[in-house]
Structures are given as C-alpha cells and as structure tokens.
Amino acid sequence: METRPWGTYESLRKTTKYHSKEIIVKPNQRLSLQSHNKRSEHWIVVQGKAIVTLEGDEINISENQHVYIPKQTKHRICNIGTDDLIFIEVQLGNYFEEDDIIRYSDDYNR
C-alpha cells in the first residue's frame with residue numbers, strides 16, 4: 001500500500017500489457033490534473049461519488065460506473081462524497097512508471 005496526500009493506492013497486478021491498482025481517495029481530496037504519454041486508463045468506481053475532469057469537461061460518476069481516459073488526455077478525479085472513494089484503475093500500454101505523469105496542477109505542490 002502506497003500513501004499519498006490524497007489517500008492510498010495498492011498495485012493489484014502488473015504485466016507487460018497492463019497494470020491494475022485499487023485507489024482510495026479521502027473525502028474532499030483530489031488527484032493532480034495530469035496526463036500520460038505512454039498509457040491509457042480505465043477507472044471503475046466501486047464505492048463513493050466523484051467528479052472526473054477530462055480535458056476540461058466534468059463528469060459525475062458513482063458506484064458501478066466507469067470512465068475511459070485516452071493517452072495524452074488531461075484528467076483528474078475528485079472525491080465529492082463524505083466517505084472514501086474507491087476505484088479500480090486499469091492502465092493499458094507498454095510503460096507504467098511514475099515518470100510518465102505530466103502534472104499541470106497539483107494541490108500538494110508535487
């Protein structure tokens with residue numbers, strides 16, 4: 001389990017084609033506005049409510065809903081509920097390291 005200022009994540013499985021994670025975002029917290037050059041992502045919400053930003057558009061999602069994030073798309077997720085937001089992230093591509101994160105805005109000055 002990896003701890004971040006917004007919550008935690010745990011790597012579930014990593015292969016040469018995909019990397020899956022369970023991500024928990026604390027109430028009223030959000031991930032950085034970011035993009036990736038080498039991977040796309042699928043987010044499946046299993047608990048909670050969120051606003052997902054995709055290239056400036058905001059989408060409300062909740063339990064049993066999902067969103068697709070293509071490569072090079074600016075994106076962010078924000079927990080708008082009073083409980084933890086839990087979602088499964090599936091990264092698809094050929095490179096899954098943290099240095100493929102391009103941050104545009106970050107509440108935690110990373």
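The values are calculated or read from the model by the stated rules, or taken from the named source; none is laboratory data. Being a predicted model, the structure only gives us computed values, none of them experimental. We place every Cβ from the backbone using ideal geometry, glycine too, and count neighbours over all the protein chains shown. Accessible surface areas use protein heavy atoms only, side chains included; no ligands, DNA or RNA. Shrake-Rupley method; radii C 1.70, N 1.55, O 1.52, S 1.80 Å.
A few remarks follow.
- The C-beta contact set for region 5-32 (first residue more than 23 Å from Thr53 (Cβ to Cβ) and open to solvent by 40 Å² or more (accessible area, probe 1.4 Å), second residue assigned to a strand (DSSP E or B) and of a type in the set (Lys, Arg), distance under 8 angstrom, 6+ apart or interchain) comprises Glu10/Lys21; Ser11/Lys21; Leu12/Lys21.
- Picking from residues in region 1-29 that are of a type in the set (A, V, I, L, M) and closer than 14 Å to Arg76 by Cβ, the one that is farthest from the chain's Cα centre (by Cα) is Val25.
- In region 1-34, residue modelled with the lowest pLDDT [restricted to those that are in contact with a Phe, Trp or Tyr (Cβ under 9 Å, 6 or more places away or on another chain) and part of a loop (DSSP other than H, G, I, E, B)]: Met1
- Hits in region 57-99 - residues which are within 14 Å of Lys21 (Cβ to Cβ) and outside any strand (DSSP E or B): Phe96, Glu97, Glu98
- For region 44-63, a residue qualifies if it is in contact with a Phe, Trp or Tyr (Cβ under 9 Å, 6 or more places away or on another chain) and open to solvent by 40 Å² or more (accessible area, probe 1.4 Å), and the qualifying residues are Ile44, Val46, Gln47.
- Of Glu2, Glu41, all but one fail to be closer than 19 Å to Tyr95 by Cβ and open to solvent by less than 20 Å² (accessible area, probe 1.4 Å); the exception is Glu41.
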